[in-house]
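See structure below.
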Amino acid sequence: MTPDDITLCLPRTWRRLPHLPHGVVVNARATLLPASGVPPEAVVRCATVDTDLHLWRADAVRELATALVDFEVEDDDTFDLLGEQVTYHRFAHRLGSADVLSDQWAWLNNNLGVTLTCSAARVDYPVYCDVFEAIAATVSIGPRAA
């Protein structure tokens, strides 16, 4: 399993950013900037994980809490999404003066940990939350058919 085995569908009007840092598979943003001035964004990251899904995500949430300003988990769950076990967190944090909400889904497949984090300003979140869920529903982790 490699990062090349991760696929997803993004809205047509979103653009992928070039020159991604190590571990980032996709970074895409909406091309229309909402009035908040915060571009909605989707980021897919992957890493080798040598523990189980729940321990990996608990450690990651603790890391987010130390890295993000005013971090607060607003929702968390574990469920089946299209046959894969997924953990989900919705969390708030500040980015400059903006109050941001992020939805984060995480999968663990053959020691490849994959996260999809979709973020928008809190004021814009009601407009984008369904878009974020639609993106998450398209994530596929596995070898591509030849």
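The values are calculated or read from the model by the stated rules, or taken from the named source; none is laboratory data. Every value quoted in this text rests on a predicted model; they were computed, and no experiment measured them. Cβ: placed from backbone, ideal geometry, glycine included. Neighbour counts: every protein chain shown.
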Matching residues, the range 78-122, being touching a residue at least 12 places away in the same chain (Cβ under 8 Å) and either of a type in the set (D, E, K, R) or not in a strand (DSSP E or B) (or both): 82, 84, 90, 94, 99, 103, 110, 111, 122
If you go through the range 57-73 one residue at a time, do you hit one that is part of a strand (DSSP E or B), more than 30 Å from residue 35 (Cα to Cα), modelled with pLDDT of 95 or more and of a type in the set (Val, Ile, Thr)? no
Those residues of the range 1-32 which are more than 23 Å from residue 110 (Cβ to Cβ), surrounded by 11 or more Cβ atoms within 10 Å (Cβ to Cβ) and of a type outside the set (Val, Ile, Thr), in sequence order: 10, 11, 14, 15, 16, 17, 27, 28, 29, 30
When residues of the range 78-104 are limited to those that are charged (D, E, K, R) and modelled with pLDDT of 95 or more, the one nearest to residue 142 (Cα to Cα): 103
